[in-house]
Amino acid sequence: MNNKKTNSKQQSNKKASSSAIIVVLITLMIAIASGNSQATAANAELEKVLKHKVETEKQSVGIAVAIIENGQVSFINVGVANKETAQEIDQNILFEIGSVSKVMTSTALATFVDEGKLKLSDPVQNYLPKSVRLPMKNDKAITFESLANHRSGLPRLPSNMPFGDPLNPYVDYTTEMMYEFLNQYTLPREVGESPEYSNLAVGLLGHTLAKIDNMNYEQMLMQRVLKPLKMNDTFVDVPKSALTRRSKGHNGNLESTDYWQLPAMAGAGAVVSDASDMALYLKANMQQNELASAIKLSHQPTAEFGNSHTKVGLGWIIQGTADGDVYMHNGQTGGFASFIGFNPTLHKGIVILSNTSILMDEIGYSYLTNSLASLKLTTPVKVAEEKLAKLIGRYELVPGFILSITHDEDKLFVQGTGQPKLPLIANSIYEFVNNAVKARIEFELDADGIATSLTMYQGGQTLLGKKLK
């Protein structure tokens, strides 16, 4: 009797345990399904935004996006890589990633530190030829950390760049020229005092790290970052075997333009990659992997970057939000724009690769902060060519800064002094916008529809521009 009771009780417990397991599994399946449903809805909203940017606003010819949500990778591809051949975008199409290269360079730096090969506080001078003398101020030397977090005191660009080819502005800048500039430059402030975003600094960082490894930049990056993460389709010099997968680049007018080469400052922006490989890099920054220790170091805040809500790690810009910190960086060359970012709190990350030089940061940031629905999507109004012709002219906003308004058939363009020409989208016959730079322009028209002045709204500023004779 006792044995029967015991067996009966054991069976009852097993049934209860099995029932509990079933309940847990069902609950888990519901949670996963709910999470997948939410992710699918978010992806659908994102795809809608991307299609609008390509097909309606004409902000890009083609965009490849990699998304990571709760560890799951998915891709969204919109548009074409080559208008002439109508080659469609997919996750294997190669894009210039521009300054997103900087976070890869900083990851490489973190591997040196992780190996004990150098310290972030080490003077960079110790690793350069004796013929090169880096500038100092008040005996404070430029360190590896100060190059990676833009506090070295070095300028955005060296002043001795020849710019022989405006469509490929870095191509004729040599290492010897960089050394010559560094030897004569005077720092305007102490190292570490305040931030100044610097392509030169990160270019010098990549160059120095490569010298320490006795390699060129691509070889160094390959050994330290790309191979460990199995990023087999990421390059500086794209091999012939991959050229058919390389997207054309386009300027703000959606016209094909030249690729960029950065022989002396490769670490600042020379990397070419695809969405598939960039998903691997993004995932490595969000999950445990072979480089986890070095990557964790690159995420550590090292200083404020403009305000108390924005910090900089090694390469990464860290923006504090109500939904947790967002780690991000963007990139832009003459024909491409890129964005990478992730939000550890929301377990989501995104890479955006566009083959047009109009930034997509707002989309990436909105995705990472669950605010895609708040993005303003513009539906262009068709304005007759003869009406656009009445808007063209030169408008002075402030002394020395002029907006030139031009048109090409049924398209209107704006170009500020010393800035690239940008397309404008018509909201009406007198109101135009460029969402990439968040600018809105309203024209004042006379009785004949001819513009006499304009007002530009951008970044909280309202600037009146009188038409010049």
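The values are calculated or read from the model by the stated rules, or taken from the named source; none is laboratory data. This structure is a prediction, so every number in the text was calculated from the model and none was measured. Positions of Cβ are backbone-derived with ideal geometry, glycine not excepted, and every protein chain shown enters the neighbour counts. The protein model used for the area step is the full one, side chains on, heavy atoms only, and it has no ligands, DNA or RNA in it. Shrake-Rupley method; radii C 1.70, N 1.55, O 1.52, S 1.80 Å.
In this simple spin-label model, placing a label point 7 Å from the Cα along the Cα-to-Cβ direction at both LEU445 and LYS140 gives a separation of 5.6 nm. Solvent-accessible area of the chain (1.4 angstrom probe, protein heavy atoms only): carbon and sulfur portion equals 51 percent.
Using a simple spin-label model with pseudo-atoms 7 Å out from Cα toward Cβ, GLU409 and GLU255 lie 1.4 nm apart.
Where in segment 148-232 are there GluC sites (Glu not before Pro) that are in a DSSP coil and have at most 16 other Cβ atoms within 10 angstrom of their Cβ? Sites meeting the loop and neighbour criteria: GLU190, GLU193, GLU196. When its C-alpha radius of gyration is set against 2.2 N^0.38 Å (N residues), the chain gives a value of 1.14.
Largest accessible area first, the residues ASP213, ASP410 order themselves as ASP410, ASP213 under a 1.4 Å probe with ligands, DNA and RNA left out. Structure note, pairs LYS411/LYS466; LYS83/LYS230; LYS51/LYS390; LYS58/LYS230: Cα-Cα distances above 29 angstrom occur for LYS83/LYS230; LYS51/LYS390; LYS58/LYS230. Cα-Cα pairs above 19 Å in segment 381-469: how many percent? Roughly 30 percent, rounded to a whole number. Working ranking of peptides 99-110, 148-159 by packing, defined as the average number of other Cβ atoms within 10 Å per residue, highest first, is 99-110, 148-159. Pairs with C-alpha atoms separated by more than 27 Å, drawn from the list LYS140/LYS311; LYS140/LYS227; LYS102/LYS376; LYS53/LYS240; LYS102/LYS438; LYS53/LYS296, are LYS140/LYS227; LYS102/LYS376; LYS53/LYS240; LYS53/LYS296. Of all lysines in the structure, those lying under 23 Å Cα to Cα from LYS137, and not within fewer than 8 positions of it along the same chain, are LYS119.
The largest accessible area among ASP408, ASP165 belongs to the first residue in ASP408, ASP165, and the rest follow in falling order (1.4 Å probe, all chains).
Heavy-atom accessible surface of the chain, averaged per residue, reaches 47 Å², computed with a 1.4 Å probe. Here's the list of aspartates and glutamates a cross-link from LYS467 could span, going by alpha-carbon distance under 12 Å and ignoring same-chain residues fewer than 8 apart: GLU396, GLU444. Take every Cα pair under 8 Å whose residues are at least 6 apart in sequence, average their separation, divide by the length of segment 47-155, and the relative contact order is 14 percent. Return the loop-located GluC sites (Glu not before Pro) in segment 262-368 (DSSP other than H, G, I, E, B) with at most 16 other Cβ atoms within 10 Å of their own Cβ; answer none if there are none. Taking segment 262-368 and a limit of 16 other Cβ atoms within 10 Å, the loop GluC sites (Glu not before Pro) found are GLU290. In loop segments of segment 382-436 as defined by DSSP, the trypsin sites (Lys or Arg not before Pro) with at most 15 further C-beta atoms inside 10 Å of their C-beta are LYS382. From a point 7 Å beyond the Cα of ALA384 in the direction of its Cβ, which residues of segment 428-469 have a backbone N at a distance under 20 Å? Zone members listed by number: 428-432, 443-452. For GLU444, the amide hydrogen comes within under 5 Å of the amide hydrogens of THR452, SER453, LEU454, THR455, counting only partners 5 or more places away or on other chains and with H modelled in the peptide plane. Using C-alpha pairs under 8 Å with a sequence gap of at least 6, the mean separation divided by the residue count of the chain gives a relative contact order of 16 percent.
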